[in-house]
1. Within segment 57-162, what percent of beta bridges assigned by DSSP are antiparallel, to the nearest 5?
2. Using a Förster distance of 30 Å, how high is the FRET efficiency between residue 40 and residue 126, based on the Cβ-Cβ distance and rounded to 0.05?
3. About its Cα centre, what dipole magnitude does segment 27-67 give when the only charges are +1 on Lys and Arg Cβ and -1 on Asp and Glu Cβ, stated in debye to the nearest 20?
4. With a Förster radius of 45 Å, plug the Cβ-Cβ distance of residue 91 and residue 22 into 1/(1 + (r/R0)^6) and report the FRET value to the nearest 0.05.
5. Among the listed pairs 85/157; 93/149; 24/76; 7/59; 112/157; 47/157, which have their C-alpha atoms separated by more than 24 angstrom in this model?
6. Taking only DSSP H segments of four or more residues, each worth -39500 (n - 2.57), what value at 222 nm results for the chain once the sum is divided by all its residues, to the nearest 500 deg cm²/dmol?
7. Given 0.36 nm per residue, what is the gain on full extension from residue 33 to residue 7 after removing their alpha carbon distance, in nm?
8. Placing +1 at every Lys and Arg Cβ and -1 at every Asp and Glu Cβ, with all other atoms neutral, what dipole size does the chain have around its Cα centre, in debye to the nearest 20?
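Where a number appears in this text, it was derived from the coordinates with a stated rule and is not lab data. For clarity, every value in this text was computed on a predicted model and none was experimentally measured. As a convention, Cβ positions derive from the backbone with ideal geometry for all residues, glycine included, and neighbour counts pool all protein chains shown.
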Amino acid sequence: MSKKIKKTNACRILDGLGIGYDIKTYEVDEEDLSAVHVAQVSGLDIKMIFKTLVARGDKTGIIMAVIGGGDELDLKALAKTSGNKSVEMIALKELLPLTGYVRGGCSPLGAKKNYPVYIDSRALTLEKISVSAGLRGMQIILSPQDLIKAANATVGKIIFDS
């Protein structure tokens, strides 16, 4: 790496655990923060890009769901996997105060609090996945098993079948 890359909380957590990862930076388009756009500008395969969504369970409170960039979160499945009767997405205005992250830069690692993390089981079919490093324009690439370990995540089927 010729250019010095700023370490994020997510990177520091992985470093502290001795987990290897790669960083991929890309140009951010404020008008399009979608995972599909990230794939186009970063050169990463959309299948390996995972997005972090934040929801609120009726029993557990705030939880994070990590799903494929092209997938849709199944709230009923997430509720079942997380031990809730119901789950709803948080309002966008709540994202920064709750997590310390902005839309398009939300990582399952290094949030303000250690919220429970649920990763879709499809991640386990891949050798490497990519998640936000906690900043727009920066992705962490690592094995799904390493992310599960670092986030103390639970794996389950939490997306709609496509």
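1. 55
2. Between residue 40 and residue 126 the formula returns 0.95.
3. On the way: 4 positive and 7 negative charges, 91 e Å.
With Lys and Arg at +1 and Asp and Glu at -1, about 440 debye.
4. Values: r = 33 Å, r/R0 = 0.74.
Efficiency, rounded to the nearest 0.05: 0.85.
5. Details: 85/157 16 Å; 93/149 29 Å; 24/76 33 Å; 7/59 34 Å; 112/157 26 Å; 47/157 16 Å.
The pairs that break the limit, which is 24 Å between Cα atoms, are 93/149; 24/76; 7/59; 112/157.
6. Computed mean residue ellipticity for the chain: -7000 deg cm²/dmol.
7. Length gained between residue 33 and residue 7: 7.2 nm.
8. 640
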